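The structure is given below, and queries will be raised subsequently.
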Amino acid sequence: MKSPLSLTLDKTGFVKNTRHLKSPNFSLRQPNVQIELIVIHAISMPPDQFGGSDIEKLFTNKLNFNDHPFYKTIENLKVSAHFLIKRTGELIQFVSCLNKAWHAGASHWREKTDCNEFSIGIELEGSDKTDFTELQYEHLNELIKLLCQHYPIKDILGHSDIAPDRKTDPGPNFNWNKIKKNR
Ligand SMILES: [Zn+2]
């Protein structure tokens, strides 16, 4: 790997040496819930445009919904993943892994619903129309490795796998063969 991040997780559920932009869009997990699932998403804001900071603004409730016609369709949406990996590979954390980030919405996995309760959500800056960058895959794999060291992760799935009627992300260009399942 060209740029190992040497990630470590602190006791508060935040990854050290990454950018933290704390989001209020989370709730407490139910007591004794095990984190068993990693959910991979893709997002671009505005759609199919990369490089700005509107994803970060959306996840921290700072987006101006007048800035783009698309934003009118999601006005006052309160969402956040735990992590975002930008096209450059930059890793940003919004919500502690100990908490329930609002990333998946109505969803199901095996016999359970509400996947936010027992999952970690990772967004990649991307869209259904574009390949992801090598740095995104490298840093995603490092993050997956770290999470698998700390939590009893049983599966790594896309948002479209747990909400197939509503969601297509991370989309057809996400290469699952590049994901190292450290289990
Ligand atoms: Zn998603």
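Suppose we keep just the DSSP beta bridges with both residues in the range 19-178; what percent of those would be antiparallel, to 5? Walk me through the numbers on the way to the answer.
Details: 8 of 24 bridges.
The antiparallel fraction comes to roughly 35 percent.
Specify which residue in the list His108, Thr133, Phe50 is farthest towards the positive end of the charge dipole of the range 19-178, using unit charges on the beta carbon of Lys, Arg (+1) and Asp, Glu (-1), about the Cα centre.
Value: His108.
Something else now. Can you sort Lys11, Lys112 so the residue with the fewest Cβ neighbours within 10 Å comes first? Don't skip to the answer; put the middle values down first.
On the way: Lys11 6, Lys112 14.
By the 10 Å Cβ count, ascending, the order reads Lys11, Lys112.
Running Debye on the range 1-121 with equal point scatterers at the Cα sites and no solvent, what base-10 log of I(q)/I(0) appears at q = 0.16, 0.23 Å⁻¹?
-0.83, -1.41
Considering the alpha-carbon set of the range 40-97 alone, what are its Rg and its Dmax in angstrom?
Cα radius of gyration and Dmax of the range 40-97 are 11.2, 33 Å respectively.
Also, I was wondering about something else. Based on the alpha-carbon gyration tensor of the range 67-183 and its eigenvalue square roots a ≥ b ≥ c, which shape applies: rounded if a/c is under 1.5, prolate if not and a/b is larger than b/c, or oblate? Don't jump to the answer; show the numbers that get you there.
Values: a/c = 1.41, a/b = 1.13, b/c = 1.25.
It comes out rounded by the Cα gyration axes.
Let me ask something else. How would you rank Lys57, Lys178, going from fewest to most other Cβ atoms within 10 Å of each one's own Cβ? List each step's numbers first, then the result.
Values: Lys57 16, Lys178 13.
If I rank by nearby Cβ atoms, fewest first, I get Lys178, Lys57.
Compute the signed sum of charges (Lys and Arg +1, Asp and Glu -1) over the other residues within less than 12 Å, Cβ to Cβ, of Glu117. Intermediate results must be reported in sequence, preceding the final value.
Details: positive: Arg29, Lys100, Lys112; negative: Glu36, Asp114.
Spelling it out: positives minus negatives among the neighbours equals +1.
Given the Cα-Cα distance of Phe50 and Leu28 and 0.36 nm per residue of separation, how much length would full extension add, in nm? Mind showing how you got there, number by number?
Details: separation 22, 0.36 × 22 = 7.92 nm, distance 3.15 nm.
So the extension gain works out to 4.8 nm.
Over what distance in Å are the Cα centres of the range 138-183 and the range 56-92 separated?
Result: 20 Å between the Cα centres.
Moving on to the next point. Quote the charge dipole size of the range 19-178 about the Cα centre in Debye, to the nearest 20; the model charges only the Cβ of Lys and Arg (+1) and of Asp and Glu (-1).
Magnitude of the dipole: close to 420 debye.
Helix-only mean residue ellipticity at 222 nm, the chain, DSSP H runs n ≥ 4 weighted -39,500 (n - 2.57), per residue, nearest 500. What is it? The partial results should precede the final answer.
Values: 4 runs with 31 residues, N = 183.
Mean residue ellipticity, 222 nm, calculated: -4500 deg cm²/dmol.
Bear in mind these aren't lab numbers, they're just calculated from the coordinates by the rules spelled out. All values derive from a computational prediction rather than experimental measurement. When we count neighbours, we look across all protein chains shown, and the Cβ atoms used for this are built from the backbone with ideal geometry, even at glycine.
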